[in-house]
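Novice: Supplied in structure tokens, the structure appears directly below.
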Amino acid sequence: LLHLLTTTLSRAGYVVDVRLGSSVTPDLFRNLTRYSLVILRLHGGYGVRRSGERVGGLFTGVVWSYRFYRLALEGYVAKGAPFYAQERAYVALLPKFLRERVRGSFPPNSTVVAFGCYTALDPKVAEALFSHGLRYYIGWRGRVSVEHMDRVLSLLVELLAAGTDPAEAVEEVNKVFGPDPSTGEALVLYTSPR
């Protein structure tokens, strides 16, 4: 899939920068505004604060350690464990990090495609990136199977690379593939109000 996506985007004129595993760091997210199209293939998640409020976040590839404890106390990050591997924990970035620690502004009409379970559960994740000029945020509210996600991602990137409006692209892939047959989740789009 990675080769297919890279080829599709390169042919459309994009300069492709691939980061995998532990190179998906908080610093990478701090500099997301360098890109007009960002494709994140990662875990999303949510936690419940003492107040009962649910807060969403995006996982990095950085293994959790207590050097992030201060940032966690300040509400920027959380210790995140994938639902299928609770013994492994990673640094998850919360909306406050995306709002206050991301540098600069996105180019006009930029899109972030966040492909992973729960990446669009909390609209505050998208809203934090909208505060930096992002126009479109695409993801999943709940759990989604890898097979369905990869089929949808392949067509979505093909449509976006061809210049299809992101709202039309999301509508098209949902029409072609429907919701995930194993979870019932459909792809969602958040659009900046600006």
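Novice: Pick from T183, T119: which is of a type in the set (S, T, N, Q) and free of Cβ contacts under 8 Å to residues at least 60 places away in the same chain?
Specialist: Working: T119 fails: free of Cβ contacts under 8 Å to residues at least 60 places away in the same chain.
Of the residues listed, the single one that is of a type in the set (S, T, N, Q) and free of Cβ contacts under 8 Å to residues at least 60 places away in the same chain is T183.
Results for (1) modelled with pLDDT of 95 or more; (2) open to solvent by less than 20 Å² (accessible area, probe 1.4 Å); (3) of a type outside the set (D, E, K, R); (4) touching a Cys at 6+ places or on another chain (Cβ under 7 Å), shown as yes or no for each residue.
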{"residue": "S105", "(1), (2), (3), (4)": "yes, no, yes, no"}
{"residue": "P108", "(1), (2), (3), (4)": "yes, no, yes, no"}
{"residue": "T111", "(1), (2), (3), (4)": "yes, yes, yes, no"}
{"residue": "I138", "(1), (2), (3), (4)": "yes, yes, yes, no"}
{"residue": "V146", "(1), (2), (3), (4)": "no, no, yes, no"}
{"residue": "S154", "(1), (2), (3), (4)": "yes, no, yes, no"}
{"residue": "A167", "(1), (2), (3), (4)": "yes, no, yes, no"}
{"residue": "G184", "(1), (2), (3), (4)": "yes, no, yes, no"}
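Novice: Looking at (1) modelled with pLDDT under 95; (2) open to solvent by 80 Å² or more (accessible area, probe 1.4 Å), which one does G45 not meet, given that it meets all the others?
Specialist: For G45, the exception is condition (2).
Novice: When A114 is evaluated against the numbered criteria (1) assigned to a loop (DSSP other than H, G, I, E, B); (2) touching a residue at least 24 places away in the same chain (Cβ under 8 Å), which criterion, by number, is the only one it fails?
Specialist: Only one criterion is unmet by A114, namely (1).
Novice: Something else: Can you find even one residue in region 119-129 that is closer than 30 Å to G75 by Cβ, in contact with a strand residue (DSSP E or B) (Cβ under 8 Å, 6 or more places away or on another chain), at pLDDT 95 or above and in a loop (DSSP other than H, G, I, E, B)?
Specialist: Yes: region 119-129 contains one or more residues that are closer than 30 Å to G75 by Cβ, in contact with a strand residue (DSSP E or B) (Cβ under 8 Å, 6 or more places away or on another chain), at pLDDT 95 or above and in a loop (DSSP other than H, G, I, E, B).
Novice: Follow-up. Which one of V16, V77, V24 is open to solvent by 50 Å² or more (accessible area, probe 1.4 Å) and among the β-branched types (V, I, T)?
Specialist: V16 is the lone residue from the list that is open to solvent by 50 Å² or more (accessible area, probe 1.4 Å) and among the β-branched types (V, I, T).
Novice: Okay, next question. Determine, yes or no, whether L58 is among the hydrophobic types (A, V, I, L, M, F, W, C) and surrounded by 10 or more Cβ atoms within 10 Å (Cβ to Cβ). Reasoning before the result, please.
Specialist: Numbers: among the hydrophobic types (A, V, I, L, M, F, W, C): yes; surrounded by 10 or more Cβ atoms within 10 Å (Cβ to Cβ): yes.
Taking the combined requirement at face value, the residue satisfies it.
Novice: Okay, next question. Looking only at region 80-95, count how many residues are open to solvent by 50 Å² or more (accessible area, probe 1.4 Å) and touching a helix residue (DSSP H, G or I) at 6+ places or on another chain (Cβ under 9 Å). Before the answer, list the steps.
Specialist: First pass over region 80-95, keeping only residues open to solvent by 50 Å² or more (accessible area, probe 1.4 Å): 83-84, 86-88.
Within this subset, residues satisfying the condition of being touching a helix residue (DSSP H, G or I) at 6+ places or on another chain (Cβ under 9 Å) are none.
Summing the residues that are open to solvent by 50 Å² or more (accessible area, probe 1.4 Å) and touching a helix residue (DSSP H, G or I) at 6+ places or on another chain (Cβ under 9 Å) in region 80-95 gives 0.
Novice: Name the single residue, out of those in region 7-22 being outside any loop (DSSP other than H, G, I, E, B) and either charged (D, E, K, R) or touching a helix residue (DSSP H, G or I) at 6+ places or on another chain (Cβ under 6 Å) (or both), that is farthest from V91 (Cα to Cα).
Specialist: The extreme case among them is R11.
The values are calculated or read from the model by the stated rules, or taken from the named source; none is laboratory data. This structure is a prediction, so every number in the text was calculated from the model and none was measured. Note that each Cβ is placed from the backbone with ideal geometry, even for glycine, and that neighbours are counted across all protein chains shown. Note: areas computed on protein heavy atoms with side chains; ligands, DNA, RNA excluded. Shrake-Rupley method; radii C 1.70, N 1.55, O 1.52, S 1.80 Å.
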